[in-house]
1. Which residues, counting only those in region 24-53, are under 21 Å from residue 71 (Cβ atoms), among the small types (Gly, Ala, Ser) and either surrounded by fewer than 11 Cβ atoms within 10 Å (Cβ to Cβ) or modelled with pLDDT of 90 or more (or both)?
2. Could you please find all residues in region 28-72 being touching a strand residue (DSSP E or B) at 6+ places or on another chain (Cβ under 7 Å) and either on the phi > 0 side of the Ramachandran plot or in contact (Cβ under 8 Å) with a residue 24 or more places away in the chain (or both)?
3. If you go through region 86-106 one residue at a time, do you hit one that is of a type outside the set (A, V, I, L, M, F, W, C) and modelled with pLDDT of 90 or more?
4. For region 26-44, which positions are under 26 Å from residue 77 (Cβ atoms), in a loop (DSSP other than H, G, I, E, B) and of a type outside the set (S, T, N, Q)?
Amino acid sequence: MLDSPELTATHAAPVADLERLVGVRVAVTVELGRSSMTLGEALELGPGAVIPLDTTAGATLALRVNDRLVARGEVLVMDDVYGLKITEIVSDAEPVVAQAAPGLMGLASDAGAPPEQLAA
């Protein structure tokens, strides 16, 4: 049963589909640190204000892709340009759960319906 062509094709398809996503742009963020303040404190910020962060000097920085932590690294400066040298890839055993956009709610339950029924 495990050697059936249907199962083999089903498992191979997701890997092949990933090839189509290679060119998709994502937001990449390097996070230096975080801070929490009241709205009043935020309104008082101006030029020269110093915001203390929860990260110590020399600590590794977080690399996030679409707000998901994927790696950590160190700051590099090359020719007056900042960069990030990746020192650790974060392994995440928890799978990403896809979330439907608000306008697409309910479409998953209609996945098996013929196209003419979906258009109605």
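1. Taking region 24-53 and keeping what is under 21 Å from residue 71 (Cβ atoms), we get 24-34, 53.
Still in the running and among the small types (Gly, Ala, Ser): 27, 33.
Hit for region 24-53 is 27, nothing else.
2. Step one: list which residues in region 28-72 are touching a strand residue (DSSP E or B) at 6+ places or on another chain (Cβ under 7 Å), which gives 28-32, 60-65, 69-72.
Within region 28-72, 28, 29, 30, 31, 32, 60, 61, 62, 63, 64, 65 meet the criteria.
3. At the first step, the residues of region 86-106 found to be of a type outside the set (A, V, I, L, M, F, W, C) are 87-88, 91-92, 94-95, 99, 102-103, 106.
Adding the requirement that they be modelled with pLDDT of 90 or more leaves 87-88.
Yes, region 86-106 has at least one match.
4. Initially, region 26-44 is screened for residues under 26 Å from residue 77 (Cβ atoms), giving 26-35.
Now restrict to residues that are in a loop (DSSP other than H, G, I, E, B): 26-27, 32-35.
Those that are under 26 Å from residue 77 (Cβ atoms), in a loop (DSSP other than H, G, I, E, B) and of a type outside the set (S, T, N, Q): 26, 27, 32, 33, 34.
The values are calculated or read from the model by the stated rules, or taken from the named source; none is laboratory data. Quantities reported herein were computed from a predicted structural model and do not represent experimental measurements. We place every Cβ from the backbone using ideal geometry, glycine too, and count neighbours over all the protein chains shown.
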